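A.B. asks: Okay, here's the structure, questions in a sec.
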């Protein structure tokens, strides 16, 4: 039986999603919980490999189970074992062909900036504090430059090994609320560190260290200007992963 | 020199504001930092003695300093010593008669509820998760009952030793945003656990375990129905403390 899990986690105390030796990772924590629950070694595939410190409001994972536990009850069973910084929001049976990463048709990422002078204890692990001298209008004007199909080579980490760096951003949003500024990207796929690099470029524009034209040029040239830093992971949230509706799901005997 | 500090803290890892033997408290942490900075024992008075786990966005503290450090630079100096879960947002010189608690003319408290089925890793230390079956309209109708001058005896912890339990609530607000519901109280003073008890009563109404009439009756009778629980501390935020404008502040040589 193939199962889809929707997960929320606070990434602060995790060394990211992906299993690494002697590190506390989200994937490893989930696989440990599944082993305790089922007595079997279960591999979990995540839709997005979030970095150390990055959070998820709707990460999706897929796994195969041979046990008799109903898929819909798996969430409650796993939550009784999982630590309080990662929980299953929803569990459901899906067609055997489903794969959290390969079946995904889109993802939504949010990045939260804190526009304040001085540190914030409450948001210290939740937002990137960038001061108050920020040209929010300039950022709002530059943000739509990312929309569309582009070669995002300039915005992907150099150690990335992918066949193509072309991706499509369908929509972007900017929402100011008090002293926080949330930037949201909805796209068909994201390269390694792409969101953090796009946000780094936007903040460079907001701090007048770069212009919107530099973003346009980076998108056409594939070269990243030195002024574009990489935003830290702790402001990043994987909000949702999108899939095509399951044509086969009506046939499942839930 | 009398100094006023405005503080933000994440109450999760503190045993509340007030100094207690062998416990990590906000007051104790501040006094330690002041000792390290000045070499003197400095007593700090807080405007509100927040409970273990409760947060502050704008707690106010007062203290007397004999050192030559300019009051306005104290925030930066203290922040270099303080741990990351408590920081000074602002420091300023005030008249010698100023006292964080006794000079306060009002306070604003916020309580955040999470209306969701299942736990939230991101908000686990920031909001009280009360499920989805909540009559928000019923709560919104009951909330204004607290406005005005009342004897809040039914909403204060039994171990409280105050001369009068009469307080005035000037204003209340209810703000829904996604699956969070923030309740805000602006009043001239609050009894021990009063906000947590008012929120407990509101949630009892929201969960149809009590009615708005029960709140009215508790305000007149001074007796608290069993259905009114005390909301947990981790959803509570001391947002701001209000003072009369300092008439003398113009004369200070800042």
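What follows draws every value from the coordinates through simple rules; no lab data is involved. These numbers were taken from a predicted model, which means no experiment stands behind them. Here the Cβ positions follow ideal geometry from the backbone for every residue, glycine too, while neighbour counts run over all protein chains shown.
A.B. asks: Relative to the longest principal axis of the C-alpha atoms of chain B, give the angle of the C-alpha long axis of helix B:212-221, reported between 0 and 90° and rounded to the nearest 10°.
C.D. replies: 60 degrees
A.B. asks: Quick one: among B:60, B:134, B:108, which has the greatest mean-square fluctuation in a GNM of chain B with alpha-carbon springs under 10 angstrom?
C.D. replies: Top of the fluctuation ranking is B:134.
A.B. asks: Partner chain Cβ atoms within 10 Å, averaged over the residues of B:2-14 - can you pull that number for me?
C.D. replies: Counting Cβ atoms of other protein chains within 10 Å of each residue's Cβ and averaging gives 2.
A.B. asks: Still on this structure: I need to check one value: relative contact order of the stretch B:2-103, counting alpha carbon pairs closer than 8 Å and at least 6 residues apart, in percent.
C.D. replies: It rounds to 41 percent for the stretch B:2-103.
A.B. asks: So, one more: With a bin width of 5 angstrom, please list the P(r) values of the stretch B:2-103 as percents of all Cα-Cα pairs, from the 0 bin to the one holding the largest distance.
C.D. replies: 2, 14, 26, 29, 19, 8, 2
A.B. asks: Between residue A:170 and the same site in the other copies, what are the distances in nm, shortest first, taking label points 7 Å from Cα along the C-beta direction?
C.D. replies: Output for residue A:170: 4.8 nm, nearest copy listed first.
A.B. asks: Which distances in nm, rounded to one decimal and ordered from shortest, link the label point of residue B:20 to the equivalent label points in the other identical copies, with labels set 7 Å from Cα toward Cβ?
C.D. replies: Spacings between copies for this position, smallest first, are 3.7 nm.
A.B. asks: Moving on. For residue B:102, place a label point 7 Å out from Cα along the Cα→Cβ vector, do the same in each other copy, and report the separations in nm, one decimal, smallest first.
C.D. replies: 7.4
A.B. asks: Could I ask something else about it? Determine, for B:2, A:22, B:73, the number of other Cβ atoms within 10 Å of each Cβ, and report the residues in order from fewest to most.
C.D. replies: Result, fewest neighbours first: A:22, B:73, B:2.
A.B. asks: So what's the back-of-envelope 222 nm ellipticity for chain B, counting only DSSP H runs of four-plus at -39500 (n - 2.57) apiece and dividing by all residues, rounded to 500?
C.D. replies: About -6000 deg cm²/dmol.
A.B. asks: Here's a follow-up. With everything on Cα atoms, drop me the angle between helix A:26-38 and the longest principal axis of chain A, reported from 0 to 90° to the nearest 10.
C.D. replies: Between helix and principal axis, roughly 10 degrees.
A.B. asks: With all distinct Cα pairs included, what does the Kirkwood hydrodynamic radius of chain B come out to in Å, to one decimal, could you say?
C.D. replies: 19.2 Å
A.B. asks: Mind jotting down a quarter of the surface of the convex hull over the alpha carbons of the protein assembly as shown, in square nanometres, one decimal?
C.D. replies: 28.4 nm²
A.B. asks: Could you check the spin-label model distance between residue B:243 and residue B:73? Points 7 Å from the Cα along Cα→Cβ, value in nm.
C.D. replies: 2.2 nm
A.B. asks: Once both axes come from the Cα atoms, what is the angle between helix A:194-206 and the longest principal axis of chain A, in degrees from 0 to 90, rounded to 10?
C.D. replies: Helix A:194-206 sits at roughly 30 degrees to that axis.
A.B. asks: While we're on this one: If we restrict to alpha carbons, what Rg and Dmax does the stretch B:104-155 come to, in Å?
C.D. replies: In Å, with Rg to one decimal and Dmax whole: 14.5, 40.
A.B. asks: Also, quick follow-up: Between residue B:162 and residue B:66, what FRET efficiency follows from the Cβ-Cβ distance if R0 is 25 Å, with the result rounded to 0.05?
C.D. replies: The calculated FRET efficiency here is 0.15.
A.B. asks: Follow-up. Counting only Cα, what are the radius of gyration and maximum Cα-Cα distance Dmax of the stretch B:107-239, in Å?
C.D. replies: 13.9, 42
A.B. asks: Here's a follow-up. How do A:97, B:161, B:91, B:64 line up, fewest other C-beta atoms within 10 Å first?
C.D. replies: Final ranking by Cβ density, sparse to dense: B:161, A:97, B:64, B:91.
A.B. asks: Over the whole of A:86-95, what's the average partner chain Cβ count within 10 Å per residue? Rounded to a whole number, please.
C.D. replies: 2
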